[in-house]
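Engineer: One structure, pasted below without further comment.
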Amino acid sequence: MKKKLLTAVFAVAVFAVQAQQKVIQLYNGAAPGSESWNWEEKQLDSNLWHTPVVYNVTHPSLTVFQPWKDNNVGTAVIVCPGGGSRHYP
């Protein structure tokens, strides 16, 4: 059991080192129209869709996850998780 646990921890550590991210800020400062907002960015983990939701975002960004060098075939995927919607439980 210990050997399996150590193997899993090692695999996660290797993946974490390989999966380093690059964050690209979309604006220098706050996004247009939100410059005077004074709300804090927050994350809600318990919601209708059972997935984390981030709101009050004034400094939007893109996060780049690059493939391992051996798997890089020049194809990209862009995930746009939406925005501008709100639900009330």
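The values are calculated or read from the model by the stated rules, or taken from the named source; none is laboratory data. Computed from a prediction, not measured in an experiment: that's the story for all the values here. Cβ coordinates were reconstructed from backbone atoms using ideal geometry, including for glycine residues, and neighbour counts include every protein chain displayed. Please note that ligands, DNA and RNA were not included when accessible areas were found on the heavy atoms of the full protein model with its side chains. Shrake-Rupley method; radii C 1.70, N 1.55, O 1.52, S 1.80 Å.
Engineer: Within a Cβ distance under 13 Å of THR58, other residues only, what is the Lys/Arg minus Asp/Glu net charge?
Structural biologist: Once positives and negatives cancel, what remains is -2.
Engineer: What percentage of the solvent-accessible surface of the range 31-75, computed with a 1.4 Å probe over protein heavy atoms, is contributed by carbon and sulfur atoms?
Structural biologist: On the way: 2100 of 4060 Å².
Summing carbon and sulfur atoms, their accessible area is 52 percent of the total for the range 31-75.
Engineer: Using mean Cβ contacts within 10 Å as the protection proxy, how do 73-79, 63-69 order, highest first?
Structural biologist: 63-69, 73-79
Engineer: In terms of solvent-accessible area of protein heavy atoms at a 1.4 angstrom probe, what is the ranking of ASP70, ASP45, highest value first?
Structural biologist: Solvent-accessible surface, decreasing: ASP70, ASP45.
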